[in-house]
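Worksheet for the structure shown next.
The values are calculated or read from the model by the stated rules, or taken from the named source; none is laboratory data. Here the structure is a predicted model, which means the values were calculated and not measured. Cβ placement follows ideal geometry from the backbone for every residue including glycine, while neighbour counts extend to all protein chains displayed.
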Amino acid sequence: MLIPAVRSIATYVGVSLYVLIVAPPGMLLAILFGWKDVLYVLGHVGVRLGLALSGIRVRVAGAQNVPHDRAAVFCSNHQSNVDPPILFDALHPRMHILYKAEIDAIPILARSFRLGGFIPIDRRNKEAALRAIETGAASIRTGNSFLIFPEGTRSRTADLLPFKKGAGRARRHAQGQFDHPAGHRQHPRGGTDRNGRARARESRRVDHKDSSADRGPARRGSDIDSKRVPERPSK
């Protein structure tokens, strides 16, 4: 237990220092020259730094299913705090994310996220959440790919939780433009085990016209396989 604890501390300290050092100049370049790509490059480097410090090894399967010629909405299960950074790094070089508004309590991260096109969603405020979804749909129509977690929170077991309505609402708001440029949605599946191994798997694409995509895992077993690598495998 000592080594994982040391790795966790090293990761938090290392990533925090990295953000404090590189985020201000990165944001300045983005504001002055519109170089938003700088923030994405720094973000990917930061994720890989965190994974290296924590000893997490990532294996990606099904990368051929990721569309590179159009925008997409990537819908993932959510079982660990490492899900967002791993998928951000593995799926798309300019991935946008709908993230929980609580992260805005960290000002430097909040400012970086906003400049990068990330959108906070306040799950406690229905009206604000709807506005965030509409903003995300508008961004999708301009060609940006998004990562969302339809369960709305982390699952404490290996089973998918019921989907929140936001994912389906985002699809309906954006579907007028889904054929061009955003025609598909992905369902990555991931998780980490006690040996520090992470798996990200992209399943088959679901067309935006398939309304069954809004119904959640109970009616969509063929689209999302609920079998995932648990954080703590049973003995």
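Would the stretch 14-28 turn up any residue that is outside any helix (DSSP H, G or I) and not assigned by TED's automatic domain parsing to the domain that holds Arg111? No, there is no match, as no residue in the stretch 14-28 is outside any helix (DSSP H, G or I) and not assigned by TED's automatic domain parsing to the domain that holds Arg111. Only one entry in Leu109, Leu91 is touching a strand residue (DSSP E or B) at 6+ places or on another chain (Cβ under 6 Å) and hydrophobic (A, V, I, L, M, F, W, C), namely Leu91. Among residues that are acidic (Asp, Glu), over 25 Å from Ala129 (Cα atoms), touching a strand residue (DSSP E or B) at 6+ places or on another chain (Cβ under 9 Å) and surrounded by 19 or more Cβ atoms within 10 Å (Cβ to Cβ), Asp83 is not included.
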